[in-house]
Every structure is written in C-alpha cells, then in structure tokens.
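First comes the structure, then the notes that go with it.
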Amino acid sequence: MKQLYQSLEVIEKVNLSVEFSTVWETIIGISGFTHAKLRHTFILDEQWVSEEAKMSEALRGHLKTIEITNFWYALIMLQNDFSSPTIQDFSYSLADMTASEFYEILLPYKNRECELLRRETVRNFHDPESLEKYAAFFKDHEYLGEYIRFLGKYSFEEICDLLIEVLNGWYQWVSQREGWEKWIQALEFEQKQYRSLKVDNPIEQIEQITNGIIYAPEPSVWKVKLVPHVSYRPWVLSIRSSETKIFFYPINEDCLLDTGVPSSHLIKGHKALGDDLRLRLLYQLVKGPLSLQDLSSQFNVSKTTLHHQLSLLRAAKFVKAEKGIYYANINQIQTFSGLLTEYLGGQI
C-alpha cells in the first residue's frame, strides 16, 4: 500500500503538455533519416531515398556525421530546454549559451546515484577522460555511450556549427516537399486540441492523446511532454532528461490523407503480411512470446535476418517487443482485417 500511495503522489505532480513547432518536426525528421538500423521501416523512407539527390552535398555530409555521432540526441535535448518556435530562435538561444550550460543540457541523465558524477563531468567537459568515465555507465545502452565519447571529440564551437547547419539544411530541403504545409497545419491543430489539459489523471490523458502510450511514472520526472510528429512514423520515440520525459508520437494519419488515399498503416500491414517467413513468425508468436534465440532455433535463420523481418512486423504493429522478448499484438491483428473493408467503404 505504501508503494501505491507513493506512485499516486508522483502522478498528481506530473505537469503534462503537448508541444509542437517546426523545430521539433525538423529535428525528428533528422533523427529518423539518420536511424540506419530502422530507417527501412519508416513510412517516409521511400520518399527520402527518391528525393535524396535534391539534397546539397553539405547537408548529406552533415547527416552522415549526425548518424555516426548520434548528435540528433543533442538537438532534442536543446529544443527540450529552448522550446523554440523557429530555427532562427533556436540559433539565437544556442548562440547565447556558455559551454558549461551547453554540456549541462547535452550530457545524458543516468540516475540519481550518478548525478554528482554527471555534474562533475559537465565541469570537465573539455577532458576526454572525464567523458569516457561517464560514458562507461552507458555501456549497455544502444547509443548513449558512443554519443558521450563523441562529445569529447568535437569542440563546443564545432558541435554548435554542425547542429545549426544541419537544422537549416534539413528544413530548407524538407519544406520544399509536397505536403509539408499540410503536415504543419495538422500538427498545429493537434497541439491546439490539447492546449488545456486536466491535471487529475495525466496517465489516462497520455494514453488517450497518443493512442496507446502507457506511461509508468519515473522517479524525479515532474514534466511529461507529448510531441506529435509526421516524420518518425510509425514509431514512438521516448527520451528523458533529469526532470522531463518526452514522447514523440505519430499523429493520426487520417489528418493527412485525401479522400481515396489508403493509409500507410494499411499499406505497410499488407506488405508485412505478404511474406512467407513473416507470416510463419507471426504464427509462432500468436502461440506465445519468444526470444530472438528461440525463433532463430525454430527457423534455422540468422538473428540478423530475423531482426530485420521482426522490425517490419513491429512497424506494422503486429508484433511488440519488451526486454528482448517478442509477442503478437493480438488486438492489432484482429482489427487489421477490417481496415480494408473500411477503406473500400461502400464500393464492395
């Protein structure tokens, strides 16, 4: 009972907000484009590939650097602090920062026990050995350990220049795409819908607004930001600072479609099911949860191949994963068959 009471106390103090700006959409686009492992599952990947030739050589170079260093994380951390409405405002805020303020924001939060070391590392940001010591606490993390090490390989000025140039370059490229204005209008409307939020049950509101994100309160997190996006679909991205949890959630695609245009969810779902191996994987997972090792043994297929196929099933929301265990999303499977009928409407 004591633990339940403490959780409720945390929930009551969470400050929930929905935040959108062209800066956020620009950053989340950069984050998706440079996500090499999952990029093939992104809804916009085919368009990115077909239109990449229109990018400037400088932008392609900057994006490659972002991919290697994971400095997209730095952009998110800075915008979380700035809440800049425009890239110009972001640039002004960045120019006004001292190096100490900069690394205080960029250096990832680990936990309360490591907070003293994190602050000491901020003070010694110019020392690669200090950054290496802190990076060791993230050795099991997918990218943060290497991200911290790269912070020590670039100067403060070099990182600032890179971030501003990639932001401006991506915005100039993506804003020329057909549909950009429609994206922005839909995202602005999404934010306006939730300008006033009730504070009595933020957990329920998070699930309702994001169409399914279940948030479990975390120690010392007092703010939760919900950032709608188009560019990172179909994925949810979650990031936290010392006090704030940020969920980047895909906007309801109905807001973006013209009459008669099928949703990417409908298209991706049928593509995901149009493969013998993926169907057999789904068949086994409907029977019960399995690890990658379990599946590799059953199918005599490499883990790399299985991971690729499972990522496509996850992108279509037929499969979920938690702590290395894959399981079928039964509700999604049961409702998907009705999507084609719903799309065709009275035509059949």
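The values are calculated or read from the model by the stated rules, or taken from the named source; none is laboratory data. Note that this is a predicted model, so its numbers are computed, not measured. Cβ placement follows ideal geometry from the backbone for every residue including glycine, while neighbour counts extend to all protein chains displayed. Note: accessible area is taken over every heavy atom of the protein model, side chains too, but ligands, DNA and RNA are not part of it. Shrake-Rupley method; radii C 1.70, N 1.55, O 1.52, S 1.80 Å.
Tabulated values for the structure
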| read-out | value |
| --- | --- |
| Listed residues SER297, SER130, SER93, most fluctuating in the chain (Gaussian network, C-alpha, under 10 Å) | SER297 |
| Gain in span if fully extended, ILE105 to ILE68, counting 0.36 nm per residue against the direct Cα distance | 11.3 nm |
| Share, in percent, of DSSP beta bridges within the chain that are antiparallel, nearest 5 | 50 |
| Trypsin sites (Lys or Arg not before Pro) restricted to DSSP loop in the range 142-224 with at most 15 other C-beta within 10 Å | LYS153, ARG177, ARG195, LYS198 |
| Residues of the chain: accessible area per residue with a 1.4 Å probe, Å² | 53 |
| Candidate values (1) 5, 23, 31, 23, 12, 5, 1; (2) 5, 21, 30, 28, 13, 2, 0; (3) 5, 24, 30, 20, 10, 7, 4, 1, 0, label of the one derived for P(r) over Cα pairs in 10 Å bins from 0, in percent | (2) |
| Volume in Å³ per residue [convex hull over Cα atoms, computed for the range 197-338] | 147 |
| Charge dipole of the chain about the Cα centre (unit charges at C-beta), most positive-ward option of GLY61, GLN334, LEU344 | GLN334 |
| Carbon + sulfur, % of accessible area of the range 210-255 - ligands and nucleic acids excluded, 1.4 Å | 51 |
| Spin-label model distance (nm) - SER242 vs LYS54, 7 Å beyond Cα toward Cβ | 4.3 |
| Nearest-20 debye value, the range 1-135 charge dipole, Cβ charges on Lys, Arg, Asp, Glu | 360 |
